[in-house]
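All remarks here apply to the structure that follows.
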Amino acid sequence: MNKPTPTAGQAEETARRIHAEHIVIDSLAPSFVDEWALTPAMIEIGKALQAQGGSRPAIKKAMAEHLIAQCAHDPETREAYLSYWRRSGVTACNHTLYASGPPDTALDATIASARRAETLMASLGGQVTLATDAAQIEAAHRDGRHAVMYNLQNAEPVGADLDRVEILHELGVRSMQLTYNLRTRFGDGCLETNDGGLSRFGAALVERMNARRMMVDLSHASANTARDAVAASKAPVVATHTAARALSGHPRGLPDDVLKGIANGGGYAGVVILPAFILPAEGDGRAEKYGKPRNWATLDTVVDHLQHLVNVMGEDHVGLGTDWGKPYYNALAWTPSMIRPESGSFNWVGWRPQDRFDPNAQTLDMETWDKWPNLTAAMLRRGMAESTVAKIVGANYLRVFREICG
């Protein structure tokens, strides 16, 4: 006999218990430094910079500097920040040190980002710590603390020197993408005009990362780069924040054959909740029933992708890498011109109009990351078994993190 589908109240209660009892990991979370808790003063800083024509990188940097200073000296701000984590029910998050920008400055930007993260963690009284292996995540959960893992969404910090993998590993980096949206010397990104796949130098990087026990992340890779990397890697590979291209048609999603290849090698794929990546171009009509714009997603949209990945990959290889629910996107109004690099004439991020990236579009009931338990409850409401949900919210990523990184 099939177990009856829980009511909304039952699902929420079970979700809270799952978050209390199990390790919960977001395999690609919004930045815990500059995309997380938001104070009234930070909102005013953002609005003032927008009025002056400031770009997103400049606004994020200014708000982060304010938050770090306040957490160090103001107990009220520090508690507001930690309360945001506690409401999420998330044990550990994968934090991006670097994503895109001029390649020549990538390593310096990565090191500076790590120093900012270290400064913030130091101001939080031991409640948030860096995790470089699975045991440290388990210890954080046992002690009621939170853990951060470092990733790079682009291999440009490696440059032309594979020995930099050692520098990055020493810095604490445990996963790295070969590309962001555009072509690198390692391979093609998902938004490149042509898809030439993994380069020979990229294959050498995969080999070095395997040897150093660093995760190869294919989230922003082109389909052929992802296929080639799956074949080249001797260790499991991951896609920390992706989607089912079969459902949305978006190039930021991976095709089913790539997802199957990742699973066959023992790897992992986390579903992103950014609306443009999980909705078809025409939307799916769900958010409009709640008075929201067509380009908003719902939790049911997210669960569609989770169920698709479970069907394709098996329930032991699927998780969540939200990469969305960023309060500063909700608190401020954004135009396309604001989502640009801080300097220079070339857009290293790479979004084009047809990619539909819009910071004003949200996922209903996950507008901010502290609503994470709503994702868990949504899976339960759709009839997913509690044992499957526990794997998706953390156990699957912890398994592959342990196997690759220790």
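The values are calculated or read from the model by the stated rules, or taken from the named source; none is laboratory data. Everything numeric here is computed off the predicted structure, so don't read it as measured data. We place every Cβ from the backbone using ideal geometry, glycine too, and count neighbours over all the protein chains shown. These accessible areas exclude ligands, DNA and RNA; they are computed on the full protein's heavy atoms, side chains included. Shrake-Rupley method; radii C 1.70, N 1.55, O 1.52, S 1.80 Å.
For the reader, a short list of remarks on this structure follows.
- Hits in region 78-105 (condition: crowded, with 21+ Cβ neighbours inside 10 Å and in a helix (DSSP H, G or I)): Tyr81, Trp85, Ser88
- Pair list, Cβ under 7 Å, 6 or more apart: region 340-368 residue under 27 Å from Ala109 (Cα atoms) and basic (Lys, Arg), other residue modelled with pLDDT under 90 and buried (at least 16 other Cβ atoms within 10 Å of the Cβ): Arg340/Ser55
- Selection status of Leu274, within 21 Å of Pro30 (Cα to Cα), touching a Phe, Trp or Tyr at 6+ places or on another chain (Cβ under 6 Å) and either basic (Lys, Arg) or modelled with pLDDT of 95 or more (or both): yes
- Residue in region 6-16 that is farthest from Ser219 (Cα to Cα), counting only those that are of a type outside the set (Asp, Glu) and open to solvent by 90 Å² or more (accessible area, probe 1.4 Å): Gln10
- The set of residues in region 216-229 that are buried (at least 24 other Cβ atoms within 10 Å of the Cβ) and more than 17 Å from the chain's Cα centre (by Cα) comprises Ser222, Thr225, Ala226, Ala229.
- Residue within region 133-140 that is among the β-branched types (Val, Ile, Thr), open to solvent by 10 Å² or more (accessible area, probe 1.4 Å) and not in a loop (DSSP other than H, G, I, E, B) present: no
- Against the list (1) surrounded by fewer than 22 Cβ atoms within 10 Å (Cβ to Cβ); (2) touching a strand residue (DSSP E or B) at 6+ places or on another chain (Cβ under 8 Å); (3) part of a helix (DSSP H, G or I); (4) not β-branched (Val, Ile, Thr), the condition Ser31 fails is (3).
- The residues in region 112-138 that are in contact with a Leu (Cβ under 7 Å, 6 or more places away or on another chain), aliphatic (A, V, I, L, M) and more than 23 Å from Ile23 (Cα to Cα) can be counted, and the count is 1.
- Test: residue in region 79-94 that is closer than 30 Å to Ser345 by Cβ, under 21 Å from the mean Cα position of the chain (by Cα) and β-branched (Val, Ile, Thr): no
- Summed over region 335-377, residues that are surrounded by 15 or more Cβ atoms within 10 Å (Cβ to Cβ) and modelled with pLDDT under 85 total 4.
- Set side by side, the residues Ala204, Ala160, Ala155 differ, and just one is at pLDDT 95 or above and closer than 26 Å to Leu398 by Cα, which is Ala155.
- Looking across region 272-314, the residues that are in a loop (DSSP other than H, G, I, E, B), open to solvent by 20 Å² or more (accessible area, probe 1.4 Å) and not aromatic (Phe, Trp, Tyr) come down to Pro280, Ala281, Glu282, Asp284, Gly285, Arg286, Gly291, Lys292, Pro293, Arg294, Asn295, Gly314.
- From the list Asp108, Asp161, the lone residue that is part of a loop (DSSP other than H, G, I, E, B), charged (D, E, K, R) and free of Cβ contacts under 8 Å to residues at least 24 places away in the same chain is Asp161.
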